[in-house]
Every structure is written in structure tokens, then in C-alpha cells.
Amino acid sequence: SQQGEEDPQALSIQEGENATMNCSYKTSINNLQWYRQNSGRGLVHLILIRSNEREKHSGRLRVTLDTSKKSSSLLITASRAADTASYFCATDAGGYNKLIFGAGTRLAVHP
Amino acid sequence: GAVVSQHPSWVICKSGTSVKIECRSLDFQATTMFWYRQFPKQSLMLMATSNEGSKATYEQGVEKDKFLINHASLTLSTLTVTSAHPEDSSFYICSGRGRALNEKLFFGSGTQLSVL
């Protein structure tokens, strides 16, 4: 079963703009992760934020986590055409030995 | 970073045949391997979790006799789709995790299965 819901489902922006994607989840978590998937390929890990962290940065990526609202956001600043991909959040579903993915956001960055 | 090699990248087979997909962790020991299925423009659906040397744990609704998972070593896990049918056509992705729990997963590049 899906743990997370993401919005928007699809996002289309111009190069240089910022892209924000949101993820909500249902059960308590130990950490939340964001992954990127290029069309027809496997997933690449972007960033992990633990339940006791509120914000984390990695290059042009900024992730926030609000455990009281059971939500997270991924911000990509100064987007590039190469950022075009699907982005998924994933949680450890309350400590169980598995990672459950959200529905994903398809991001299209136009030159 | 760690690499998971998944083969084949794509396979076309006739209905009723069996297909084996391999995932190898090249530079780490994957104590846990996860197998996912993905339909076009949809998210990853967890099929099963396998720990090295143990039987796989299947998610609800996944037929264990149809999707055979073997994780005999710390570097190799296989998924065999037995008696494949057109409805089994999908993108299958494996991912491996090392000894520490709650760590990030390393994904294979996926296998596109088309059953005619």
C-alpha cells in the first residue's frame, strides 16, 4: 500500500525557476528520503532527513520535514533542463524493514 | 556510491514462459533486497523484501508462487516471474540495502518485461 501522497502530480517550469514538491505520509517515521527517477531508469537517492531534523540542504536541494503535519517538501532552486525527472518521497513506514514510496511528482523543466 | 547491477534491462517473452531477473550488489553487501514493480507514470509498488539466507516476505496481494525470489548470497538476488502472462508486463526494479537499517537504498536500473 502507498504510504505517501505527493503533490503536485506534475509540475512544468522554466529553467532558472524554483520547483517545490510536497509529500505527506500517514504513519510515524524514523526518516524520510527523496529519490529521483529518469524515465525508464532506476532511482537515485537524493537526500535523507531524519525525524528529529527539520531542514536539510544538499547543493541546490532543500528538504524540510514537519512531523506534526506528517509532511515534507523538496525544493530545487535554479532549476535546469537536466532536472527533468520524476521525484519520489519514501518513508520507512514506522520502522518496518521496508521503504514505501509516494506517488511521485513529474517535473518538466523547459529551456 | 554503491552500485546495484540489474539484468536484463528489457525482456520480451511469450505467455507461459518464465523469466529470471538478476540483481547484484557490486561493491557492498546487500543484507536486504527489495523488489518493486512500477507501471507507467505510477509509483513503485513494493512486491517483496528478502533478507540474505531467508525466505522473502511478500506484500499483500503478491503471489509468492508466481514471483519467486531468491537471495542466496549477500551480493545476488533473483526474481523469477513464472508462467508469465501479459498482465505481468511491467517495469521491475530491485534495490539493495546494507547492514544498517534506515539507510538509503541503491537501485538497479530496472527491467522492462513485455509478455506477448
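The values are calculated or read from the model by the stated rules, or taken from the named source; none is laboratory data. What you are looking at is a predicted structure, and each value in this text was computed from that prediction instead of being measured. Here Cβ is always computed from backbone atoms with ideal geometry, including for glycine, and neighbour counts include all displayed protein chains. SASA here: full protein model, heavy atoms, side chains in, ligands and nucleic acids out. Shrake-Rupley method; radii C 1.70, N 1.55, O 1.52, S 1.80 Å.
Screening B:L101, B:L105 for residues that are within 13 Å of chain A (Cβ to nearest Cβ), modelled with pLDDT under 90, over 24 Å from B:S15 (Cα atoms) and under 14 Å from the mean Cα position of the chain (by Cα) leaves exactly one candidate, B:L105.
Among the residues of the range B:7-51, those that are more than 9 Å from the chain's Cα centre (by Cα) and of a type in the set (A, V, I, L, M) comprise B:V11, B:I12, B:V19, B:L26, B:A30, B:L44, B:M45, B:L46. In the range B:65-111, what count of residues is obtained for those that are within 17 Å of B:R24 (Cα to Cα) and either open to solvent by 20 Å² or more (accessible area, probe 1.4 Å) or hydrophobic (A, V, I, L, M, F, W, C) (or both)? Counting residues in the range B:65-111 that are within 17 Å of B:R24 (Cα to Cα) and either open to solvent by 20 Å² or more (accessible area, probe 1.4 Å) or hydrophobic (A, V, I, L, M, F, W, C) (or both) gives 18. So which residues in the range A:1-45 are closer than 14 Å to A:A90 by Cα, touching a residue at least 40 places away in the same chain (Cβ under 8 Å), within 11 Å of chain B (Cβ to nearest Cβ) and open to solvent by 40 Å² or more (accessible area, probe 1.4 Å), if there are any at all? Answer for the range A:1-45, where residues must be closer than 14 Å to A:A90 by Cα, touching a residue at least 40 places away in the same chain (Cβ under 8 Å), within 11 Å of chain B (Cβ to nearest Cβ) and open to solvent by 40 Å² or more (accessible area, probe 1.4 Å): A:S1, A:Q2, A:E5, A:N30, A:R36. For residues that are hydroxyl-bearing (S, T, Y) and closer than 16 Å to B:L46 by Cβ, scanning just the range B:62-98, find the one that is farthest from the other protein chains (Cβ to nearest Cβ). The qualifying residue farthest from the other protein chains (Cβ to nearest Cβ) is B:S77. What number goes with the only condition from (1) open to solvent by less than 30 Å² (accessible area, probe 1.4 Å); (2) of a type in the set (S, T, Y); (3) without any contact (Cβ under 8 Å) to a residue 60 or more places away in the chain that B:T57 does not pass? Going through the list (1) open to solvent by less than 30 Å² (accessible area, probe 1.4 Å); (2) of a type in the set (S, T, Y); (3) without any contact (Cβ under 8 Å) to a residue 60 or more places away in the chain, B:T57 breaks only (1). Restricting attention to the range B:6-42 and to residues that are at pLDDT 95 or above and β-branched (V, I, T), the residue that is surrounded by the most Cβ atoms within 10 Å (Cβ to Cβ) turns out to be B:I21.
Checking each residue in the range B:32-77 for being hydroxyl-bearing (S, T, Y) and touching a strand residue (DSSP E or B) at 6+ places or on another chain (Cβ under 8 Å) picks out B:T32, B:Y36, B:S43, B:T49, B:S50, B:S54, B:T57, B:Y58, B:T75, B:S77.
Is it the case, given these coordinates, that A:R62 is surrounded by fewer than 20 Cβ atoms within 10 Å (Cβ to Cβ) and at the interface with chain B (Cβ under 10 Å from one of its Cβ atoms)? Steps first, please.
On the way: surrounded by fewer than 20 Cβ atoms within 10 Å (Cβ to Cβ): yes; at the interface with chain B (Cβ under 10 Å from one of its Cβ atoms): no.
In short, no.
In the range A:82-99, the qualifying residues are those that are open to solvent by 20 Å² or more (accessible area, probe 1.4 Å) and closer than 22 Å to B:Q42 by Cα, and the one that is farthest from the other protein chains (Cβ to nearest Cβ) is A:A82.
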